[in-house]
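Scroll down for the structure; my scribbles are underneath it.
The values are calculated or read from the model by the stated rules, or taken from the named source; none is laboratory data. Remember, it's a predicted structure, so these values are computed and weren't measured experimentally. Here the Cβ positions follow ideal geometry from the backbone for every residue, glycine too, while neighbour counts run over all protein chains shown.
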Amino acid sequence: MIKILIAEDDLGSRKFMQQFLKAYGECDMTVDGIETVDAFLLAWDEGEPYDLLCLDIMMPKLDGLKTLKIIRDLENDKHIPAEERVKIVMTTALNEQQTVYDAFDLGCEAFAAKPINQEKLREVLHNLGFDPIE
């Protein structure tokens, strides 16, 4: 069972993501970038890091792109090998090409535009090595 962190400030989107992703593993949720970084660090400190992070770009306190950069910088500081890093899927209603490029430059593995297409998200997760629990 994989450990998933859903970082989403919108209640409806958060509930949808939790409902969808519970078929894949255990889900925790945060509502802003600072809480997300805190949860990421706590999971590492407890020896149970997240396998997957679904990260909204537009969040209060610290946006998704800044959160993504901080998490990748923390992984670099901890010398975490690439294969053990959290897989990050950015989610957003923004469909600006530059935002997508920036997210990939900062180290996300995939991008999911809102409203989330379940079939596309299933495919993205499969390509990252995650399949629903039987």
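Just checking, which of 67, 99 is among the polar types (S, T, N, Q) and either surrounded by 19 or more Cβ atoms within 10 Å (Cβ to Cβ) or part of a strand (DSSP E or B) (or both)?
Within the list 67, 99, the selection yields 67.
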Exercise. Give the residues of segment 117-134 that are under 14 Å from the mean Cα position of the chain (by Cα) and either over 21 Å from residue 68 (Cβ atoms) or β-branched (Val, Ile, Thr) (or both), sorted by residue number.
Key: 124
Exercise. Run residue 58 past the list (1) closer than 22 Å to residue 1 by Cβ; (2) at pLDDT below 95; (3) of a type outside the set (S, T, N, Q); (4) in contact with an Asp or Glu (Cβ under 9 Å, 6 or more places away or on another chain) and report the number of the one that doesn't hold.
Key: (1)
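Restricting to segment 117-134, and then to whatever is surrounded by fewer than 17 Cβ atoms within 10 Å (Cβ to Cβ) and among the hydrophobic types (A, V, I, L, M, F, W, C), can you tell me which residue is modelled with the lowest pLDDT?
For segment 117-134, the residue satisfying everything is 133.
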Practice problem: Tally the residues that are exposed (fewer than 15 other Cβ atoms within 10 Å of the Cβ) and either among the charged types (D, E, K, R) or assigned to a strand (DSSP E or B) (or both), restricting the search to segment 29-64. | Solution: 5
